[in-house]
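**Q** I have a structure I would like to understand better, so I am pasting it below and will then ask my questions one at a time.
The values are calculated or read from the model by the stated rules, or taken from the named source; none is laboratory data. Keep in mind the model is a prediction, meaning the values are calculated, not measured. All Cβ positions, even for glycine, are placed from backbone atoms using ideal geometry, and neighbour counts span all protein chains on display. Quick note on the areas: whole protein, heavy atoms, side chains included, nothing else; ligands and nucleic acids left out. Shrake-Rupley method; radii C 1.70, N 1.55, O 1.52, S 1.80 Å.
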Amino acid sequence: MAPHNDSNDRRRPSRAGAFLSSKGGDAAERRSVRFLAIGRIIAPRGVRGELKVAVETDTPERFLRTSRVFLGEERIVYTVRGARLHQGNALLRLAGIETRDDAEAWRNAYVYVSLEDAVPLEEGEYYHHQIQGMHVRTTEGEDLGRVVEVLQTGANDVWVVRGRGGEVLIPALKDVIVAVDLDADVVTVTLPEGLR
């Protein structure tokens, strides 16, 4: 996730996430992620191969600083020749995509960056792929289950946790998320009253 402009009382992963299995993958799978999705191509724009991309990152400006991207499930690498933001989307010109037909071939494909090109995280920030699949326990030691999804609500992310006791929606706030131990694969939380 990219650093965000919200106050420091939130722990909010960005939209940039890797695609894992529906259960979020195990810790080894999460650690092996090499690419982060930052957008999805929604249409060609114009006749010279420009791509209109729906932004799926908290920092759309990253498109302006990215020199290479990877397209589609095959992660085909392209050099960025130009990028700009327009009406909430990113417009990309990539070397090798020169016509409207070239661009049309990539409709609905995801745009990725490599993990080493990702915007550095600040302390207390995590990518979605790091959180999905982790075990969640309360400070009292109760096992709530695993994070199966991260929802973006605008104000803060909400982690969907499923376990034997059912589903719990946990807001990703500093006073709720007590600790995230990526090595132990455990998130410790304090549940606000009435959350269940």
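**Q** When residues of the stretch 86-97 are filtered for being open to solvent by less than 60 Å² (accessible area, probe 1.4 Å) and free of Cβ contacts under 8 Å to residues at least 40 places away in the same chain, how many remain?
**A** Number satisfying all stated conditions: 2.
**Q** Here is a check on your reading of the model: is H135 in contact with an Asp or Glu (Cβ under 7 Å, 6 or more places away or on another chain) and not polar (S, T, N, Q)?
**A** Taking the combined requirement at face value, the residue satisfies it.
Yes/no matrix, rows are residues, columns are (1) crowded, with 17+ Cβ neighbours inside 10 Å; (2) in contact (Cβ under 8 Å) with a residue 24 or more places away in the chain:
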position	(1), (2)
R81	no, no
R84	no, no
T99	no, yes
N108	no, yes
Y112	yes, yes
V119	yes, yes
H129	yes, yes
G133	yes, yes
L151	no, no
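**Q** If you check R31, R62, which single one turns out to be under 30 Å from D183 (Cα atoms), surrounded by fewer than 14 Cβ atoms within 10 Å (Cβ to Cβ) and at pLDDT below 95?
**A** R31
**Q** Exactly one of (1) open to solvent by 60 Å² or more (accessible area, probe 1.4 Å); (2) of a type in the set (S, T, N, Q); (3) over 14 Å from I177 (Cβ atoms) is unmet by T139. Its number?
**A** The one condition T139 does not meet is (3).
**Q** Which residue, of V69, V47, V53, is buried (at least 20 other Cβ atoms within 10 Å of the Cβ) and in contact with a helix residue (DSSP H, G or I) (Cβ under 8 Å, 6 or more places away or on another chain)?
**A** None of the others qualify; the one that does is V53.
**Q** On the basis of being modelled with pLDDT of 95 or more, in contact with a strand residue (DSSP E or B) (Cβ under 6 Å, 6 or more places away or on another chain), of a type outside the set (S, T, N, Q) and closer than 22 Å to A54 by Cα, does R137 make the cut?
**A** Answer is no for this residue.
**Q** Please enumerate the residues belonging to the stretch 153-181 that are open to solvent by 10 Å² or more (accessible area, probe 1.4 Å) and outside any strand (DSSP E or B).
**A** Answer for the stretch 153-181, where residues must be open to solvent by 10 Å² or more (accessible area, probe 1.4 Å) and outside any strand (DSSP E or B): T153, G154, A155, N156, R164, G165, K174, D175.
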